[in-house]
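First comes the structure, then the notes that go with it.
The values are calculated or read from the model by the stated rules, or taken from the named source; none is laboratory data. Predicted, not measured: the structure shown is a model, and the values here were computed from it. Don't worry about glycine lacking a Cβ; one is built from the backbone with ideal geometry, like all the others, and counts go over all protein chains shown. Heavy atoms of the whole protein, side chains included, go into the accessibility calculation; ligands, DNA and RNA do not. Shrake-Rupley method; radii C 1.70, N 1.55, O 1.52, S 1.80 Å.
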Amino acid sequence: MRKFKRMAKKFVADFVVVDNKPLNATNFLIKVKSNSVLPNILPGQFVNVEINDSKEIFLRRPFSVFEVDYNDNTISMIVKILGRGSKKLTEIEPGRNVSLVYPLGKSFTYPSSTDKVLLIGGGSGVAPMLFLAKESGLDKTQVDILLGARTKEDHIDVESYSKYANLHYATEDGSLGEKGFVTQHSVFINDLTKYDKIYACGPDGMMRAIAKVAKAAGVFCEVSLENLMACGFGVCLCCIEPTNKGNLCVCTDGPVFNINELKW
Amino acid sequence: MVDLKVKVHDLEFKNPITLASGTCGFAREMADFFDPAIVGGFFLKGSTLKNRDGNEYPRMAETPSGMLNAVGLQNKGIDYFIENIYPEIKDYDTQLIINVNGSTVEDYIALTEKVNELDKIRGIELNISCPNVKEGGMAFGVSCPGAEMVTREVRKVYDKTLIVKLSPNVTDISEIARAVEGQGADAVSLVNTFLGMAIDAETRKPKLSTITGGLSGPAIKPIALRMVWQVANAVKIPVVGMGGIMNAADAIEFMLAGASVVQIGTAVFKDPTLPVQIIKELEDYMLHHKMQSVNDLIDCLQM
Ligand SMILES: Cc1cc2nc3c(=O)[nH]c(=O)nc-3n(C[C@H](O)[C@H](O)[C@H](O)COP(=O)(O)OP(=O)(O)OC[C@H]3O[C@@H](n4cnc5c(N)ncnc54)[C@H](O)[C@@H]3O)c2cc1C
Ligand SMILES: Cc1cc2nc3c(=O)[nH]c(=O)nc-3n(C[C@H](O)[C@H](O)[C@H](O)COP(=O)(O)O)c2cc1C
Ligand code: FES
C-alpha cells in the first residue's frame with residue numbers, strides 16, 4: 001500500500017466539507033479540506049466528485065477547481081445547479097465527507113509575462129477563468145475578464161478579482177454591464193488582435209462563437225470543454241471530442257484545447 | 001497468510017481480482033492510482049486490426065445503478081499498441097490479456113497472430129460480444145455456429161490461453177459456452193454488456209448517438225451472477241466472471257457461483273482504487289472464515 005502511494009499521480013480521497021454557501025440563486029461555493037498534502041493543481045484542472053445519498057446517481061460529477069489553498073489543504077469549486085447531481089451536491093452540509101478523484105485533466109497554457117490576455121466565462125465556466133486570472137502572475141493592466149449571464153442576478157459577485165484584472169460584464173437584459181452576449185460586448189468586438197491569448201469556458205455555443213472570431217483574427221485561443229464523463233481519467237472513452245488528431249478524451253487530453261485542434 | 005493464487009488454464013493469477021476490458025484502458029491509466037502489480041491482471045481495452053474512431057458523441061448515459069455505453073471499440077489498432085503501448089506496460093508484474101475484436105474471421109485471425117508474437121501477453125480474450133459495433137463482434141457471439149467458427153479458426157493459430165467472452169444478449173448462454181468449449185476455448189468470460197436504451201423525455205431524443213448501447217454496473221449483477229452460475233454448471237473449462245461487481249462480497253458471490261477469476265468493470269469509474277480494496281477485503285474474508293486458499297471458494301456454493 002505504502003509503495004503505490006508514492007507512485008500515484010492521481011488520488012481518490014475523502015475530503016471534509018468546510019464551507020458551502022450560495023453565491024446567488026443557482027451557484028454555490030463549496031470548499032473541501034483534505035487531511036493530506038495536496039499535489040500541485042493548476043487552472044483548467046478538475047475534480048470528480050461523488051454525490052452522496054442519492055439512489056439515482058451512480059457516477060461522479062466533474063467540477064473545475066476554482067481555488068486551492070496549500071496552507072490548509074483546501075480545494076474550492078463553484079457549483080451551478082443544473083440537474084439532480086449538482087443540486088444534491090449544493091445541499092451538502094459542512095462537516096460531511098465527500099469523495100474526490102483528483103487532480104484530473106490538463107491546465108491552460110500559462111501566458112508569458114508580457115502577454116495581454118482576455119478571459120471569457122459564462123455559466124458554469126466562470127470558476128476556471130477566475131482561477132487562471134489569479135494564478136497568471138500578470139499585472140492587472142494585462143488582464144481583461146469578460147463574464148456573461150442572462151441577468152444581473154445570474155452573475156456571481158467577483159469584485160474581489162478587480163485586483164487581478166479589469167472586469168467586464170454582459171447580460172442579455174442589460175441589467176449589468178453591456179446588453180447582449182459576450183460576443184457582442186465592446187471588449188470582444190473592438191480589436192481582438194490586441195490580445196496575445198484568449199481563454200474561454202462556458203456553454204458550448206458561447207465557446208464556438210468565440211472560437212470562430214478568434215480563429216479569424218488569428219489570436220491564440222484555448223477553450224475548456226465540459227463533455228459528459230463517466231470515468232474522468234481516460235479509460236472509458238465516453239468523453240471524446242473530434243479533433244484533427246482523431247477523437248481525443250476531454251478528461252485526459254483536455255479539458256483545455258487550443259481551438260485550432262478542434263473541428264469547430 | 002492466505003493463498004490467493006488461481007489458475008485459468010495456463011495463466012497464473014496472483015489473485016482473482018482483475019480489471020475488465022474497456023474500463024481499465026491499457027493498464028497504465030490505472031497505474032496513476034495504484035501499483036499494477038497489486039492486482040491479478042488487466043484485460044486491456046478492446047483492440048482491432050486497424051484504427052477505429054468509435055461511435056459519435058454522446059456515448060454514455062447514466063441509468064439507475066449503472067450506465068449505458070456506446071463507445072464502439074475506439075482504439076488506434078494493434079500495430080499502434082505493439083509499437084507504442086506494449087513497451088511501456090510489458091514489465092508490469094501482473095497478467096496482461098488482450099481483448100481481441102474483429103468484424104470478419106480473417107480480422108480475428110490476423111489480430112491473434114500479431115498478439116501471439118508478444119512475449120508478455122500470455123492470453124487473449126476473444127470478444128464476440130460487443131453490442132456497439134455494427135459490423136460484427138456480437139454477430140458471432142449470438143449464435144452457436146458463429147461462436148464455434150471464430151473460436152475454431154482462432155484456436156488454429158493460437159497456442160496460449162484462449163478465453164472467449166460471451167454475450168448475455170442470447171436466449172441460452174450455456175449453449176454458446178458449450179459450443180466454444182467444444183472448439184477448444186480454454187476458458188470463457190462473461191458477461192459483456194446487456195443491450196439497452198435511454199431516452200431524454202424533455203428533448204424526446206435518444207440519449208446515445210447510436211440509440212441503443214450496452215448496460216453495465218450493479219444494475220446487471222443478479223442476471224450476470226445467474227449466467228455465470230449456469231455456465232459454470234454447463235462447461236468444464238474455467239469461467240471468468242463479471243457484471244456489476246462493486247465490492248468484495250460481490251466478487252466472492254461470483255466465485256461461489258463458479259468463477260475462477262473476476263473482473264471489476266464500471267465500478268472503477270466510481271473508485272479507481274477499488275480493485276486494491278477488494279483484494280484486501282477478500283483476504284480479510286478468508287481469514288475470518290479460516291480459509292487457506294481462495295480456490296476453496298470457486299464453485300463452492302452451498303446448496
Ligand atoms: C471538466 C469539467 C469541468 C466542469 N466544471 C464545472 C464547474 O466548475 N462548475 C459547474 O457548475 N459545472 C461544471 N461542469 C459541469 C458539471 O459537471 C455538470 O453540470 C454536472 O455534471 C451536471 O450534473 P447533474 O447531475 O446536476 O445533471 P444531470 O441530472 O446529470 O443532467 C441534467 C441535464 O444536463 C445535461 N448535462 C449534464 N452534464 C452536462 C455536461 N457536462 N455538459 C452538458 N450537458 C450536461 C444532461 O444531459 C441533462 O440534460 C464541468 C464539467 C466538466 C466536464
Ligand atoms: C465504457 C465501457 C467500455 C467497454 N469496452 C469493452 C471492450 O472494449 N471489450 C469488451 O470485451 N468489453 C467491454 N466492456 C464490457 C466490460 O468489460 C464488462 O464486460 C461489462 O461492463 C460488465 O461488467 P461491469 O458491470 O463490472 O462493468 C466495456 C464496458 C464499458 C462500461
Ligand atoms: S470520461 Fe472516461 S475517458 Fe474521459
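Give the average over all directions of the projected area of the C-alpha convex hull of chain A, one decimal, in nm². Working shown, then result.
Numbers: hull surface 57.9 nm².
Convex hull of Cα atoms, orientation-averaged projection: 14.5 nm².
From the Cα gyration tensor of the stretch A:100-205, with a ≥ b ≥ c the square roots of its eigenvalues, which class applies: rounded if a/c is under 1.5, or else prolate if a/b is larger than b/c, or else oblate? Oblate, since a/c reaches 1.5 and b/c is not below a/b.
Skip the ligands, DNA and RNA, and give the accessible area per residue of the protein assembly as shown with a 1.4 Å probe, whole Å². Working shown, then result.
Working: 23180 Å² over 567 residues.
Normalised by residue count, the accessible surface of the protein assembly as shown is 41 Å².
Inter-chain Cβ neighbour count for B:70-83, averaged per residue, equals 1 (cutoff 10 Å, partner chain atoms only). Anisotropy class assigned to the stretch B:1-113 is oblate, per the alpha carbon gyration tensor with a/c at or over the 1.5 cut-off and a/b no larger than b/c. For the stretch B:59-128, the equivalent ellipsoid built from the Cα gyration tensor has semi-axes of 25, 17, 12 Å, listed from largest to smallest. In terms of packing, defined here as the mean over residues of other Cβ atoms within 10 angstrom, the peptides A:37-48, B:215-226 line up highest first as B:215-226, A:37-48.
Relative contact order for chain B: 21 percent, from Cα pairs under 8 Å spaced at least 6 residues apart, divided by residue count.
Per-residue Cβ counts within 10 Å, from other chains only, averaged over B:59-69: what number is that?
Details: counts 9, 11, 3, 9, 3, 4, 4, 2, 5, 1, 4.
Taking all residues of B:59-69 together, the mean is 5.
Mind listing which trypsin sites (Lys or Arg not before Pro) in the stretch B:251-303 are in a DSSP loop and have 16 or fewer other Cβ atoms within 10 Å? Present the calculation step by step, with values, prior to reporting the outcome.
On the way: sites: B:270, B:280, B:290; in loops: B:290.
Those satisfying the criteria are B:290.
Could you tell me which GluC sites (Glu not before Pro) in the stretch A:1-110 are loop residues by DSSP with no more than 16 other beta carbons within 10 angstrom of their beta carbon? Walk me through the numbers before you get to the answer.
Values: sites: A:50, A:56, A:67, A:91; in loops: A:50, A:56, A:91.
Counting only loop positions with at most 16 other Cβ atoms within 10 Å, the GluC sites (Glu not before Pro) in the stretch A:1-110 are A:56, A:91.
Looking only at the protein assembly as shown, where both bridge partners belong to it, what percent of the DSSP beta bridges are antiparallel (to the nearest 5)? The answer is about 50 percent antiparallel.
Surface composition of the stretch A:117-224: carbon and sulfur atoms hold 50% of the protein heavy-atom accessible area at a 1.4 Å probe. Of the heavy-atom accessible surface of the stretch B:148-303 (probe 1.4 angstrom), what whole percent is carbon and sulfur? The value for the stretch B:148-303 is 53 percent carbon and sulfur by accessible area. With a Cα cut-off of under 28 Å and a minimum spacing of 8 residues unless on different chains, the lysine pairs in the stretch A:117-224 number 29. Normalised by the number of residues in the stretch A:117-224, the mean separation of alpha-carbon contacts (under 8 Å, six or more apart) gives a relative contact order of 29 percent.
Take each uninterrupted DSSP H stretch in chain B, measure its Cα extent along the helix axis, and return the ones at 27 Å or beyond whose mean Kyte-Doolittle hydropathy is at least 1.6. Sorted by number, there is nothing, because no helix extends far enough and scores high enough. Summary of packing: across the peptides A:195-202, B:291-298, the per-residue average of other C-beta atoms within 10 Å ranks them, highest first, as A:195-202, B:291-298. Restricting attention to the stretch B:125-239, the count of lysine pairs at 8 or more positions apart or across chains with alpha carbons under 20 Å apart stands at 6.
Rounded to the nearest 0.05, what FRET efficiency do residue A:70 and residue B:301 have when you use their Cβ-Cβ distance and R0 = 51 Å? Working from the Cβ atoms, E equals 0.45. Roughly how many whole Å is it from the C-alpha centroid of the stretch B:153-231 to that of the stretch B:70-116? Cα centroid to Cα centroid, the span is 19 Å. Between B and A, buried accessible area from a 1.4 angstrom probe totals roughly 3000 Å², ignoring ligands, DNA and RNA. Non-local lysine pairs in the stretch A:11-104, meaning eight or more places apart or on different chains, with alpha-carbon distances under 16 Å, amount to 11.
Distance from the C-alpha centroid of the stretch A:78-109 to that of the stretch B:1-25: 34 Å, rounded to the whole angstrom.
Tell me, rounded to the nearest percent, the portion of alpha carbon pairs in the stretch B:8-65 spaced more than 17 Å apart.
Details: 924 of 1653 pairs.
The share of Cα pairs beyond 17 Å in the stretch B:8-65 comes to 56 percent.
Between the helical axis of A:204-217 and the longest alpha-carbon principal axis of chain A there is an angle of about 50 degrees.
Each distinct pair of alpha carbons in the protein assembly as shown adds a 1/r term; the inverse of their mean, the Kirkwood radius, is 25.0 Å. Along chain B, the exposed loop sites are GluC sites (Glu not before Pro) outside DSSP states H, G, I, E and B with at most 10 other Cβ atoms within 10 Å, and the longest stretch free of them is B:1-116.
The shape of the stretch A:1-148 can be summarised by an equivalent ellipsoid whose semi-axes, obtained from the alpha carbon gyration tensor, come to 26, 21, 13 Å from longest to shortest.
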